[in-house]
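**Q** Dropping a structure here in structure tokens format, bear with me for questions.
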Amino acid sequence: MKALKTIIVVLLLGGGITFLLMRNKATMEAKAEQPMNLAINVQAQSVEEQTLTESLTFSGTINANNEVPVMAETQGRAIKVYVSLGERVHAGSALVKVDTTLKYSSYLLAKTNMDKAKRDLDRLEALRKENNASENELEGAQLGYQSAKAQFIGAERQFQDAVIKSPISGTVVERQVSVGTMVMPGMPVATVVDISTLKLRANVPEQAVLKLRTGEKVRVSVDVYAGEKFTGTVAFISVRGNETHNYPIEVLLPNSSTHPIKSGMSAKIYLENKAPRTALMIPRLALIGSSKRASVYVVTQENGKTFAKERTIELGAEKGTNIEVLSGLERGERVITAGQNNVRNGSEVVVQ
């Protein structure tokens, strides 16, 4: 009896398992017969035309119009210092005076010798006219005078160089000597900076340098004066670029009395006088790859289905979050702007 019950239980379990297996198989076969949806959800945007007014901005550093380290041209001990740091001086103003005792003595001696040589020459010229002096005597007097004159010029220059003067008008920003300092030829005694006009130097990329012209007016902003605008003139555009393909330019900028600018300040150059133009624009989000080898996925229709086709494009100027397309796209075409990370060339997509 027990054996019979066991057999019945085993048969029931086996039948149940067989039923479940057959049902699962039928379900799987039904699913396999249904077409699989492999389309990728994406977002797209049409290529549109926009009006661009080119505005080029370059960062740079302001430098003084002229900065001169004033050097001593004579030797001696400084006996007077006429200027202090920050003092305004004019061209020809005395900065430092070196002891002139020996130099003045040499100057007087040279002048005395020159004056005597000149009197001797004048006397012999008069005698020669009356044939009372030989030609050789006259030539000797002429040579003597020229030699004495040369010595006088050297002594006079040494005497004058004892007072060291500023060659330009400007502000004293460094002073290397004090009273009692031993000054030597070639030694700097002060540095004078002229900031009445300033030079703003910046590096311009090769794509933009051809849009600049010497003599062109540009707007300038100085970082420390937020909101203030100044006007400068492009004075120099280098014909040689550096290793990063940037070209140095220089803009002359008159200093302002109401907003004084100092050498070393940071500034920006704005060039906004370019004529407006129409350009094809797409969102930067649509780009795949690098900006130098840019491409996008274009939405296309084939046989009632939607696909993504990769296309190489050439880029131009930027405007906010959009970027100009110079070639590779036509107006009205749609480019994928979201979901392209899952897309491959030729993938079927669903535009949401």
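The values are calculated or read from the model by the stated rules, or taken from the named source; none is laboratory data. Quantities reported herein were computed from a predicted structural model and do not represent experimental measurements. For neighbour counting, all protein chains shown are included, and Cβ atoms are generated from backbone atoms with ideal geometry for every residue, glycine included.
**Q** Which count do you get for residues in the stretch 105-150 that are touching a helix residue (DSSP H, G or I) at 6+ places or on another chain (Cβ under 6 Å) and either under 30 Å from A72 (Cα atoms) or at pLDDT 95 or above (or both)?
**A** The total comes to 8.
**Q** Is it true that G332 is under 40 Å from the mean Cα position of the chain (by Cα) and on the phi > 0 side of the Ramachandran plot?
**A** In short, yes.
**Q** Just to verify a result, which residue in the stretch 254-274, among those that are hydroxyl-bearing (S, T, Y) and closer than 17 Å to T61 by Cα, is modelled with the lowest pLDDT? Give the derivation first.
**A** Here is the first cut: in the stretch 254-274, the ones hydroxyl-bearing (S, T, Y) are 256-258, 263, 266, 270.
If we keep only those that are closer than 17 Å to T61 by Cα too, we end up with 256, 263, 266, 270.
Details: S256: 87, S263: 91, S266: 91, Y270: 84.
Applying the filter and picking the extreme gives Y270.
**Q** Looking at V193, V218 in this structure, which one is in contact with a Phe, Trp or Tyr (Cβ under 9 Å, 6 or more places away or on another chain) and under 20 Å from E250 (Cβ atoms)?
**A** It is V218.
**Q** From the list T258, T300, which residue is over 20 Å from A202 (Cα atoms), touching a Lys or Arg at 6+ places or on another chain (Cβ under 7 Å) and not hydrophobic (A, V, I, L, M, F, W, C)?
**A** Going through T258, T300 in turn, just one is over 20 Å from A202 (Cα atoms), touching a Lys or Arg at 6+ places or on another chain (Cβ under 7 Å) and not hydrophobic (A, V, I, L, M, F, W, C): T300.
**Q** Then there is this: Could you please give the count of residues in the stretch 54-100 that are part of a loop (DSSP other than H, G, I, E, B) and of a type in the set (V, I, T)?
**A** 3
**Q** Checking V222 against (1) modelled with pLDDT under 90; (2) over 13 Å from the mean Cα position of the chain (by Cα); (3) closer than 18 Å to A64 by Cα: exactly one of these is not met. Which one?
**A** All conditions are met except number (1).
**Q** Might you check whether a residue that is within 26 Å of E216 (Cβ to Cβ) and without any contact (Cβ under 8 Å) to a residue 60 or more places away in the chain occurs anywhere in the stretch 332-345?
**A** No, that holds for no residue.
**Q** Just for strands (runs of 3 or more DSSP E) wholly inside the stretch 245-343: which have at least 3 residues that are more than 16 Å from A208 (Cα to Cα)?
**A** 246-254, 277-283, 295-302, 305-312, 322-327, 334-338
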